[in-house]
Each structure stands twice: as C-alpha cells, then as structure tokens.
C-alpha cells in the first residue's frame with residue numbers, strides 16, 4: 001500500500017498540472033495491483049472528483065475558465081457519461097479500449113501547432129460540441145472523466161489557449177465523473193461502492209494532496225506549451241502501460 005499511495009500522489013500532482021484528474025492512470029495502477037476491474041472505475045472516479053474539484057476551483061479563481069463554451073461541452077457530455085457508466089463491459093475489452101484510446105489521443109497531441117495559432121481557432125473548433133456526447137459515453141464506459149479525450153481535440157482545433165483548455169478539461173472531468181460514478185453505482189450496486197471506498201479511502205487522501213500541488217503549478221508556474229507537451233507524454237505512457245500489461 002505505501003508504494004501505491006506514493007504512486008497515486010505523484011499521479012495526481014502530474015495530471016492536475018495539466019488539468020486532468022488522472023483516472024486512467026489510477027485504473028492502470030490498480031489493475032497492476034490485482035484489484036477487481038469492476039471496482040476500478042469507482043475508485044478512479046472518486047479520485048478524479050477529489051483532484052479536479054480543487055483544480056477547477058483554482059482555475060475559476062484565476063479567471064481562466066471560458067464558462068459558456070465549457071458549460072456547453074460539459075452539459076452535452078454528462079448524460080452520455082451516465083449512460084456509459086450503466087453499460088456492462090468485460091475486463092479484456094475494458095483494458096483494450098482504454099489503452100488504445102489513450103495512445104491514439106496522445107499521438108494527436110504531437111501534431112505541430114504553430115506559435116501564436118492558439119488565438120485563431122480552426123473552423124472545426126465550432127464542431128467540438130458534436131464530439132462531447134461520444135467522448136462522454138466513452139469516459140463513462142471505462143470509468144474516467146473524459147478530459148483526457150477532450151483536451152487533444154481542443155488543442156488540435158485551436159479551440160482556445162492551452163491554459164483555458166486545461167481549465168475546461170478540469171470542469172469537464174468534474175461533472176462527467178459525477179455522472180459516470182452515478183451510472184457505475186447503479187450498475188454495480190451500493191455494495192461494490194462500499195468495497196471500493198474501504199480500499200480506496202487512503203488513496204483519496206493521497207490524491208487530494210497531490211492534486212492541490214499540481215493545480216497550483218498549473219495556474220501559477222507551468223508555461224502553456226509545457227501543458228500541451230506534458231499532456232501528450234502522460235497520455236501516451238498510460239496507454240502504452242495498459243496495452244502491454
């Protein structure tokens with residue numbers, strides 16, 4: 001458990017610094033620890049909520065959340081995340097779907113973006129709401145917040161500057177995690193949630209500490225281009241580990 005606690009703290013710190021909750025990596029760490037895959041989404045989503053709540057508050061206080069467009073994306077995705085959480089999925093499909101999605105997402109982050117283009121959105125940026133529902137469903141299905149899928153799309157279309165995208169992803173994850181968790185609880189029952197919390201309470205404390213440090217770094221210290229590069233590196237590493245586990 002001490003090693004797992006340390007890994008969760010570091011994961012929360014790193015992911016919060018790029019506006020994510022870390023749900024995908026929590027799931028990977030728990031899977032490598034031999035935890036029942038049916039419990040993974042419950043623990044990961046609860047950890048997501050702890051991390052991104054603090055991050056979203058910091059982003060809001062810093063005035064970097066573009067509220068209206070971020071709220072539109074989130075409102076479209078949340079019901080789909082709930083439906084995804086209700087959908088049964090087998091263990092092999094769970095790991096394959098999550099790993100493949102993350103690797104492909106990371107590759108999109110490596111596409112070159114010209115300096116200064118962040119302020120000139122691509123014409124496809126207006127179509128981002130169309131992707132919100134399927135991304136929300138996929139997130140609910142595999143038990144994460146979905147920001148890790150949304151952010152690369154927003155970067156690719158130059159939807160906004162990297163810091164605003166990180167803030168939007170944080171809000172997106174917060175709401176989707178709530179709706180996805182509700183679906184997962186209805187699917188598995190309260191007994192499975194109690195089992196997840198019995199094991200996961202120390203992990204929640206670890207990610208709370210790491211998430212606060214990471215979100216502070218995101219708001220005050222991290223250069224914008226590092227946010228994009230850090231996102232790509234984190235997503236690719238997690239996806240690769242899941243596919244090769």
Failed criterion for residue 141 (all others in (1) closer than 27 Å to residue 63 by Cα; (2) buried (at least 24 other Cβ atoms within 10 Å of the Cβ); (3) more than 11 Å from the chain's Cα centre (by Cα); (4) touching a residue at least 40 places away in the same chain (Cβ under 8 Å) hold): (1)
Count of residues meeting criterion [at pLDDT 80 or above and farther than 19 Å from residue 99 by Cβ] in region 17-46: 2
Qualifying positions in region 14-32 - more than 14 Å from residue 242 (Cβ to Cβ) and either surrounded by 24 or more Cβ atoms within 10 Å (Cβ to Cβ) or within 8 Å of the chain's Cα centre (by Cα) (or both): 15, 16, 17, 18, 19, 20, 21
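The values are calculated or read from the model by the stated rules, or taken from the named source; none is laboratory data. If you're wondering where the values come from, they're calculated on a predicted model, not measured in any experiment. Positions of Cβ are generated from backbone atoms using ideal geometry, with glycine treated the same way; all protein chains shown enter the neighbour counts.
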